[in-house]
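Just passing along the structure, written as structure tokens.
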Amino acid sequence: MSQSSESESVSAIPSGRAATEPLREDIRLLGGILGDTIRDDAGAKVFETVEAARIGAFRVRREEIERGDYERMFDDMPVDLANTVIRAFSHFALLANLAEDVHRERRRSLHVLAGDPPQDSSLAATYDKLDAADLDPAEVAVGLDHATVVPVITAHPTETRRRSVFEAQHRITELLRLLHRPDLLPDERDEVLTKVRRQILALWQTALIRLERLRIQDEIEVGLQYYDAAFFEVVPQINAQVRAELQSRYPVPGLLEEPMLRMGSWIGGDHDGNPFVTADVVEMATGRAAQTAIAHHLEQLRLLYHELSQSARLVTVDDAVRELAGEDGDEPYRLAIKHIRSRLAATAVSEFGETFGSIGGSLDPDAVPYATAEQLLADLDAIDDSLRRTHDALIADDRLLTIREGVRTFGFHLSGLDLRQNSDTHEEVIAELFAWSGVHPDYLSLGEEDRVALLTSELTTRRPLLRPDAELSEVTAKEVGIVRAAAHAVKTYGAPSIPNYVISMCQSVSDMLEPMILLKEAGLIELDDTGALTSTVRVVPLFETIEDLQHGAATVLAALDLPLYRGLVDHQSGLQEVMIGYSDSNKDGGYMAANWAQYRAELDLVEAAKKAGIRLRLFHGRGGTVGRGGGPSYDAILAQPPGAVQGSLRLTEQGEIIAAKYAEPALAQRNLETLLAATIESSLLDVEGLGDDAESAYVVMDEIAALARDAYSELVHETPGFVEYFTTSTPVSEIGELNIGSRPASRKQTEKISDLRAIPWVLSWTQSRVMLPGWYGTGSAFEQWIGDDESRLGVLRDLYTRWPFFRTVMSNMAQVLAKSDLGLAERYSKLVPDEELRRTIFGMIADEHERTVKMYFAITETDDLLEDNLALKRSVFNRFPYLEPLNLLQIEMLRRYRAGDDSPLVRRSILLTMNGLATALRNSG
């Protein structure tokens, strides 16, 4: 699902079933064309099998047949036929996504045309709320000082769709939009339908997944394709619009001078547990990003060259433009643009070679390359100034404005690539470096106080630790190479190319200081003439487990107590970024305990920042699923504690969520607006809603979270055989064996839950339709806390009504429960060889599921899990029968694979079911 829900209109716009009829028509149309395509391409017999599977799935939903009877049709199905059926339902899920996206877009347009109030989570609604609040401009300036919103794109094993598939989706979406034009003539409609058929045929004959193991290089390219698809068009527009709207309301000097919305990436820089991220990969990731940005700027300048055709006989231009033009001519703006293009092309040639710089047209071969993106922007600003001085703002506000905003936003770097590594690795690497250089023979033997003293002392010296001929272990050589590649990127593409170094599993001050030694060795941290540390790379501790979240504020304060570290933060505008991990805390303590630990940690960090006199920026490590911090972004941001946003927000965007939110300009516009709207509201308005009751509410949640963690731990950490149940009842083993993603499924070669990466943990439970990380333990906690005291139920009902945090936690949990299917989960449990183990653990899961649904209904006073999310409710109703055959065929293929049939088609079929289910669920990992 898209991350925003759709409210029902109070206007005359069709509602209820009538509102969704166009969506059903589109789904029937696309499904019918897909069926025709399958019959024509694969034959009538295959089509009849697919159709029987489709009809049977709906009969199961209507309870006309037993699921067991339906399941038997797949038992002995030949693998080639099964593969085709899987492909059919995977393609349908993909096409249904497109229909839903177009439907939401269409509904929003109807609301706007009807004059309805703007929907919550839109910037238009935010502006109305700001107007109603009558805010002091000076307070707005403080609240939005250094305002920054950064979606950080990350890789995901189920979201590596090929560019050809991506482009086909885009073309079908455009054709669907055309079909709904009211002025479309009958013959024009027939022509559009023919094009839709052609695209679906091409899509059907295109492989959805790659046969070879996914490489990080592939993941990098997948991430970059969203820029041409949407980001280049949408991000500069939003930045310009938000600046204009807020500056018109609050005429304070300097308000939002810098772009508020920027892009980030982890793809190619996240080497925590990924042995395939090397110096070469960092160089490729930053280089390909820079190529993408510069190529875009060159193309936009080519188009601008043709548009700025003003004649010197009819307009006057500034001296700065004439200087850029370099010669007298009748079209000075065109000559100036040609000069700028020549310099930018020379920049491309200097960095990437003649082939990349060859962009056509007659450009100056002697042009001097730009050293920085700021130099390019200064030349563009000179043209803008000249146009505005001669009353040509209408022209300046077109493509030129978009280019200038694009250069300000994307520079030569495109997006900031974060580096990330685990604190355990840092310990080992620093120990080796210190031993090799003679600083200390056994760093690992030191206690925390001695480690901090030694690290601090080393950071105050300018001397390097290594010589070029140093003989290092493979791990240490790789880590040193990575930071040196990062230093090269900063030098070549600018400081924004590598903005942060994230420390996974950060538990102490020494964990924060250790990577600083590496950064210093690469020249990314330097000593100025006063002996103070300077760097453009921020050190970002990531607190992941519940215990680490509880101690996070103390760790940050202890680091800030060190004059050397405090000086570095002061040099970086007094800003300390802290990352909050949703995945490992959930895996550690369960859904409710993790969510509350994160909230409490943020409260503590806000207080710590006030005490230390610094600014705090939180980086939310959210995944696609609720179990990894997913859910509607607007609600999630508004649910943050008071003071936790402060105009700045970074969050990870992962997997199929990226396609669901950013594959099209209209989608990207809506979802990026959502992030900015929530950030602005959280920074400037009172959104918590608890007032003086906050502390008592916090105590209630302390108690409930502790009970939830106990219930979760009883199953996951204390029940004998749980790991065996998990690894055999879900496809987690196959995620590691079948080359899904570039990253190993576990950080270490163990079978401990704690060592398993969060994506496989959540993905596996999602594929098996248990969705355990998104709810388990919560029902027991509520039931135990309420007991026989009805007044306690009233307390929770009141919190649900008034407190965005609690309401969001409950709503996200309900979405997960609605997507779970214990009937299918029971089928997966039969993959467990040990019958007694199967009965015991599945029984615990089923009982807790029933308990959690019951408590949700009691607290929210509803009998509908999706009452507050009508868009998801429609999606569940429309598409979930189509998931049935994908789940059942996945079980069948897993059974065959584990019985020894590892033929390529069986392996490929398992991969296809994973991809198809991820596509259909839209937030699977």
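Scan the range 436-449 and report the pairs whose first residue is crowded, with 16+ Cβ neighbours inside 10 Å and whose second residue is assigned to a loop (DSSP other than H, G, I, E, B) and β-branched (Val, Ile, Thr), with Cβ atoms within less than 8 Å and a gap of 6+ or a chain change.
Nothing qualifies.
Considering every residue within the range 891-907, establish whether at least one is of a type in the set (S, T, N, Q) and closer than 28 Å to GLU783 by Cβ.
Scanning the range 891-907, I find no residue that is of a type in the set (S, T, N, Q) and closer than 28 Å to GLU783 by Cβ, so the answer is no.
Farther than 21 Å from THR727 by Cβ and assigned to a helix (DSSP H, G or I), is that true of ARG895?
When the stated conditions are applied, ARG895 does not pass them.
Does any residue of the range 455-478 turn out to be in contact with a Leu (Cβ under 8 Å, 6 or more places away or on another chain), crowded, with 20+ Cβ neighbours inside 10 Å, among the hydroxyl-bearing types (Ser, Thr, Tyr) and free of Cβ contacts under 8 Å to residues at least 24 places away in the same chain?
No: zero hits.
Report yes if some residue within the range 210-224 is free of Cβ contacts under 8 Å to residues at least 24 places away in the same chain and either part of a helix (DSSP H, G or I) or of a type in the set (Gly, Ala, Ser) (or both); otherwise report no.
No: the range 210-224 contains no residue that is free of Cβ contacts under 8 Å to residues at least 24 places away in the same chain and either part of a helix (DSSP H, G or I) or of a type in the set (Gly, Ala, Ser) (or both).
Only one residue in LEU562, LEU524, LEU542, LEU568 is in contact (Cβ under 8 Å) with a residue 60 or more places away in the chain, buried (at least 17 other Cβ atoms within 10 Å of the Cβ) and within 30 Å of the chain's Cα centre (by Cα), so which one is that?
Among LEU562, LEU524, LEU542, LEU568, only LEU542 is in contact (Cβ under 8 Å) with a residue 60 or more places away in the chain, buried (at least 17 other Cβ atoms within 10 Å of the Cβ) and within 30 Å of the chain's Cα centre (by Cα).
Could you tell me whether SER909 is crowded, with 18+ Cβ neighbours inside 10 Å, outside the structural domain of PHE722 (by TED's automatic domain parsing) and in contact (Cβ under 8 Å) with a residue 12 or more places away in the chain?
yes
Using the structure shown, decide if ASP863 is touching a helix residue (DSSP H, G or I) at 6+ places or on another chain (Cβ under 7 Å), on the phi < 0 side of the Ramachandran plot and part of a loop (DSSP other than H, G, I, E, B).
Answer is yes for this residue.
Going through the range 256-276 one residue at a time, which ones are farther than 12 Å from LEU417 by Cα and not in a loop (DSSP other than H, G, I, E, B)?
LEU261
Taking interchain pairs and intrachain pairs at least six residues apart, which have beta carbon atoms under 6 angstrom, with the first residue in the range 595-618 and on the phi < 0 side of the Ramachandran plot and assigned to a helix (DSSP H, G or I) and the second small (Gly, Ala, Ser) and surrounded by fewer than 19 Cβ atoms within 10 Å (Cβ to Cβ)?
VAL606/GLY643
If you don't mind, there's one more thing I want to ask. Given the criteria hydrophobic (A, V, I, L, M, F, W, C), modelled with pLDDT of 95 or more and surrounded by 21 or more Cβ atoms within 10 Å (Cβ to Cβ), does LEU888 qualify?
yes
Please find, within the range 829-885, the residue that is surrounded by the fewest Cβ atoms within 10 Å (Cβ to Cβ) out of those that are modelled with pLDDT under 85 and polar (S, T, N, Q).
Per the stated criteria, the residue is ASN878.
Considering every residue within the range 214-228, establish whether at least one is farther than 25 Å from GLU299 by Cα and surrounded by fewer than 20 Cβ atoms within 10 Å (Cβ to Cβ).
Checking the range 214-228: at least one residue is farther than 25 Å from GLU299 by Cα and surrounded by fewer than 20 Cβ atoms within 10 Å (Cβ to Cβ).
Please give the number of the condition ALA202 fails out of (1) in contact with a helix residue (DSSP H, G or I) (Cβ under 7 Å, 6 or more places away or on another chain); (2) not assigned by TED's automatic domain parsing to the domain that holds ARG28.
So ALA202 meets the others, but not (2).
What tally of residues in the range 388-399 results from selecting those that are part of a helix (DSSP H, G or I) and closer than 20 Å to HIS306 by Cβ?
6
For the structure I just gave you, tell me whether SER780 is in contact (Cβ under 8 Å) with a residue 12 or more places away in the chain, part of a helix (DSSP H, G or I) and closer than 30 Å to GLN119 by Cα.
Judged against the criteria, SER780 is not a match.
Could you check ASP868 against (1) within 28 Å of the chain's Cα centre (by Cα); (2) part of a helix (DSSP H, G or I) and say which number it fails?
Of (1) within 28 Å of the chain's Cα centre (by Cα); (2) part of a helix (DSSP H, G or I), only one is false for ASP868: (2).
Would you mind telling me which numbered condition in (1) touching a His at 6+ places or on another chain (Cβ under 9 Å); (2) under 17 Å from LEU912 (Cα atoms) LEU34 fails?
(2)
Looking at the range 791-828 only, could you name the residues that are over 19 Å from TRP596 (Cα atoms), free of Cβ contacts under 8 Å to residues at least 24 places away in the same chain and of a type outside the set (Asp, Glu)?
Within the range 791-828, SER791, GLY794 meet the criteria.
Do the conditions hold for ASP692, that is, is it part of a helix (DSSP H, G or I) and either at pLDDT 95 or above or within 30 Å of ARG898 (Cα to Cα) (or both)?
Taking the combined requirement at face value, the residue does not satisfy it.
Separate question: Looking at (1) touching a Phe, Trp or Tyr at 6+ places or on another chain (Cβ under 7 Å); (2) at pLDDT 95 or above, which one does ALA470 not meet, given that it meets all the others?
Checking ALA470 against (1) touching a Phe, Trp or Tyr at 6+ places or on another chain (Cβ under 7 Å); (2) at pLDDT 95 or above, the one that fails is (2).
For the condition of a type outside the set (A, V, I, L, M), within 16 Å of LEU616 (Cα to Cα) and under 27 Å from the mean Cα position of the chain (by Cα), what is the one hit in PRO515, PRO499?
Sole residue among the options that is of a type outside the set (A, V, I, L, M), within 16 Å of LEU616 (Cα to Cα) and under 27 Å from the mean Cα position of the chain (by Cα): PRO499.
All but one of (1) at pLDDT below 95; (2) within 41 Å of the chain's Cα centre (by Cα); (3) among the charged types (D, E, K, R) hold for ASP366, so report the exception by its number.
Of (1) at pLDDT below 95; (2) within 41 Å of the chain's Cα centre (by Cα); (3) among the charged types (D, E, K, R), only one is false for ASP366: (2).
The values are calculated or read from the model by the stated rules, or taken from the named source; none is laboratory data. This structure is a prediction, so every number in the text was calculated from the model and none was measured. So basically every Cβ, Gly included, is an ideal-geometry build from the backbone, and we count neighbours across all protein chains shown.
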